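Asks: Below: one structure in structure tokens.
The values are calculated or read from the model by the stated rules, or taken from the named source; none is laboratory data. Everything numeric here is computed off the predicted structure, so don't read it as measured data. Here the Cβ positions follow ideal geometry from the backbone for every residue, glycine too, while neighbour counts run over all protein chains shown. SASA here: full protein model, heavy atoms, side chains in, ligands and nucleic acids out. Shrake-Rupley method; radii C 1.70, N 1.55, O 1.52, S 1.80 Å.
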Amino acid sequence: SDTAGGADTYAKIATSVNTPVIHVLNIDNVEIAGLILEGDSAGGSTHHGIYLDNSSNDSINLVQVYRAMSGIRLSGSETNSIVSSILSRNQEGILLVSSSQNNTIVSDTLVGNDSVGIPMEGGSSGNAVRSNVIVSGNNGIHAATASNVIVNNVISGNRGFGAQLNGVTFGRYLTSQG
């Protein structure tokens, strides 16, 4: 794949199957790069674009996901990286659930996601969210657990909160520095 230049492969997210386009289940050390995934309707898809399920040490780089349920979903997954990807017009951009821990989300662009750009829920902790741009969606970042590191993100123009960290909500326009 052309990891230096961007996306090489394009796939539509079909409504006829009830599975994610890419489902990495109990597999470690997988690299997903240079891929475009797009839901089939303006209303979005009921399927996830990329789903890491109980997987570790995987990397997702230079991926674009449009109009999916979750652009990228991590469930019970640890020590993965999501870097330089674009997630737009999904329900959630990058969703971490079921104690997904020690993941790195860096230099991603999240635009116009309907619920939350980056929700970290269900005991997800120890995650680093750095240098991302989260704009023009409903909400920016939600961290239900206090032990996540969130720095140098630009969060702007969202209709709801910029960042909600363990029940503390910050304003609609937020640039975190630190």
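Asks: Based on what the data block shows, is Ile32 closer than 20 Å to Ser131 by Cα, at pLDDT 95 or above and of a type in the set (Val, Ile, Thr)?
Replies: Here the answer is no, as Ile32 does not meet what is asked.
Asks: Criterion first (under 11 Å from the mean Cα position of the chain (by Cα) and crowded, with 24+ Cβ neighbours inside 10 Å) does Ser85 satisfy it?
Replies: Answer is yes for this residue.
Asks: Let me ask something else about it. For region 67-76, which positions are modelled with pLDDT of 95 or more and open to solvent by 50 Å² or more (accessible area, probe 1.4 Å)?
Replies: Arg73
Asks: Just to be sure before I move on: is Ile36 surrounded by 19 or more Cβ atoms within 10 Å (Cβ to Cβ) and among the hydrophobic types (A, V, I, L, M, F, W, C) in the structure I sent?
Replies: Considered against the rule, which asks whether it is surrounded by 19 or more Cβ atoms within 10 Å (Cβ to Cβ) and among the hydrophobic types (A, V, I, L, M, F, W, C), Ile36 comes out as no.
Asks: Hey, another quick one. Can you tell which of Asn57, Asn113 is more than 13 Å from the chain's Cα centre (by Cα) and either of a type in the set (Asp, Glu) or at pLDDT 95 or above (or both)?
Replies: After applying the criteria, what remains is Asn57.
Asks: While we're looking at this one, here's another question. Restricting to region 88-100, and then to whatever is of a type outside the set (Val, Ile, Thr) and out of contact with any Leu (no Cβ under 6 Å at 6 or more places or on another chain), can you tell me which residue is most open to solvent (accessible area, probe 1.4 Å)?
Replies: Among them, the one singled out is Arg89.
Asks: Looking only at residues in region 101-121 that are outside any strand (DSSP E or B) and touching a Leu at 6+ places or on another chain (Cβ under 8 Å), which one is most open to solvent (accessible area, probe 1.4 Å)?
Replies: Glu121
Asks: Is there a residue being farther than 21 Å from Ala144 by Cα, part of a loop (DSSP other than H, G, I, E, B) and open to solvent by 40 Å² or more (accessible area, probe 1.4 Å) anywhere in region 44-57?
Replies: The answer is yes; a qualifying residue exists.
Asks: With the structure loaded, tell me whether Thr79 is open to solvent by 30 Å² or more (accessible area, probe 1.4 Å), at pLDDT 95 or above and under 21 Å from Ile134 (Cα atoms) or whether it fails that test.
Replies: Spelling it out, it is not the case that Thr79 is open to solvent by 30 Å² or more (accessible area, probe 1.4 Å), at pLDDT 95 or above and under 21 Å from Ile134 (Cα atoms).
Asks: When only residues in region 158-175 that are in a loop (DSSP other than H, G, I, E, B) and open to solvent by 30 Å² or more (accessible area, probe 1.4 Å) count, which is modelled with the lowest pLDDT?
Replies: Tyr173
Asks: Still on this structure: Kindly provide the set of residues from region 9-29 that are at pLDDT 65 or above and open to solvent by less than 70 Å² (accessible area, probe 1.4 Å), ordered by number.
Replies: Correct list: Pro20, Val21, Ile22, Val24.
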